[in-house]
Amino acid sequence: MKKFLSALMALFFLTISAQAKASKGGINSIVKNSGVNQSRLFVSVKDASSGKIVYSINDDRHINPASVQKFLVIIPIIETLGPDYKFTTELYSRGDNSYLLKLGADPYLSSKDLDGIAKNIGAQADKIYIDDSILDNKYPPKGWMEEDTQDIYTPRYGSYNLDNNLVKFTVMPSVRGQNSLIINQSGYPFIFRNNVITSDTTDIVTERENSPADNVIVLTGTVSHPYIETLPVTNLKRYFNFQFKKALENRKIYLKEAFAAGSVQPSDKFVSKVTHDMDKAVDDILKNSNNLVAETLFKLAGRKYSNIPTGTEDGGIKMFDDYCKRNGLDDSKYRIADGSGVSKEDFVTADFVTDFLKLNKDNPLVQKLPSPGEGTLSDRLIPIKNSLKAKTGTHNDISALAGYLTSKSGNKYVFCIINNDPKFSESDKKGLEDYIIREAYLRL
């Protein structure tokens, strides 16, 4: 299988600079000869202007879209929040030596930002309230996080977003044959079960212990040199409070009480704020497929759309459903549970995706999609860099690619390819996607 796909890609590079001749079977021939289980392949290619179907296979069957869904939901998200939306964290003072920090669920808020906030808090402060109501902070929430609570690398998200919700620690070799040492730079209260032995090789497996204490990390294997591991924070509020308290104490501010829940009162006085722009978020979602940012924005937009005080998945789902209804998109062709497409409750048809793409062909966000050489397309389809804008998707056995293609002859198309044949490796699935697109570029 790999040899076949490698040969197809090599053939493309040989022919792309020459005048292409009509192929006998076109895309259908590629699919047939690839060895893919055709019942597990879902493809729709349409003319971007007329919507005429150029090629399809299983395009009316429901399948998980993986991160292709991020492009579907970002359209109504930006329509709701506006392109000039800013993530904002605000500090207010009260007359009794207390302050209130109003969180904005800012996915780009950092510990350095907390240091800046602490500089605006008086040395006599003895109590700080935190308003975290912007998003619901139940864990696990609905959607993909509910299903992946034991996935060691699954990032969490919520009102307390900080430092990308990631922490680093270092596994250090000690004496050969003995257990390694673990240095926890962040101070976050992970509990480590360290079974890593100092050796001549480094081969470490990191897992989260399947127990109610979700901060227990089990390490096994060998280590020969310092090894840095990055893991998602398991309790966002705990990490945020730890870093905020440290920032205050660095300013010699020692609170008499723990942080308390609160909300902004009319008598509170605005002191300062930290903001981050939407542009970076859109790039992270579309080019880097960032789940944390995608899910945060989905809830924030749902909050504003439904005019409710706290953002939830239900608000985001209503926003998306109403967007589809307003634009005449068939709601029987999709079902969503989150903003990123990796929940087992997310389904679309390839036909729906291309209808959505056609509807939005002139939307400015199309230009934010990665071209070959950018983001998740950094090493794919480089010869047609100026002719393609597309969103990738990868989740479990699913690989997907959907977007906009201008063929060599200048015709414009929308396409969606989703493959969940478990016999194909991830690289083979992406290779087949790429060759279908290359064929379309040359022949259509």
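Numbers at a glance
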quantity	calculated
The stretch 326-444: translational diffusion in µm²/s, Stokes-Einstein, Kirkwood Rh over Cα pairs, 37 °C, 0.692 mPa s	218
P(r) of the chain over all Cα-Cα pairs, binned every 10 Å from zero, in whole percent	4, 19, 25, 23, 17, 9, 3, 0, 0
Expected 222 nm ellipticity per residue - DSSP helices of 4 or more, -39500 (n - 2.57), all of the chain, to 500	-9000 deg cm²/dmol
Entries in LYS304/LYS412; LYS333/LYS408; LYS112/LYS318; LYS299/LYS361; LYS246/LYS287 that, when Cα-Cα distance is taken, lie over 29 Å	LYS304/LYS412; LYS333/LYS408; LYS112/LYS318; LYS246/LYS287
DSSP loop GluC sites (Glu not before Pro) with at most 16 other Cβ within 10 Å: longest gap in the chain	1-208
Theoretical FRET efficiency, 1/(1+(r/R0)^6), r = Cβ-Cβ of SER332 and ASN411, R0 30 Å, to 0.05	0.50
Cα-based Rg of the stretch 163-232 normalised by 2.2 N^0.38 Å, two decimals	1.08
Distance in nm between pseudo-label sites at GLN124 and ARG61 (7 Å out along the Cβ direction from Cα)	7.2
Cα-projected label distance for SER224 with GLN38, points at 7 Å along beta-carbon direction, nm	5.0
Debye, to nearest 20: dipole size of the chain, +1 on Lys, Arg Cβ, -1 on Asp, Glu Cβ	980
Loop-located trypsin sites (Lys or Arg not before Pro) in the stretch 216-314 whose Cβ has at most 14 other Cβ within 10 Å (DSSP)	LYS252, LYS256
Nearest-20 debye value, the stretch 163-232 charge dipole, Cβ charges on Lys, Arg, Asp, Glu	160
Charge dipole (the chain, unit charges on Cβ, about Cα centre) - positive-most of TYR441, GLN69, THR354	TYR441
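We did not get these values from a lab; they are worked out from the coordinates using the rules stated. Because the structure is a prediction, the values reported are computed rather than measured. Note: ideal-geometry Cβ built from the backbone for every residue, glycine included; neighbour counts use all protein chains shown.
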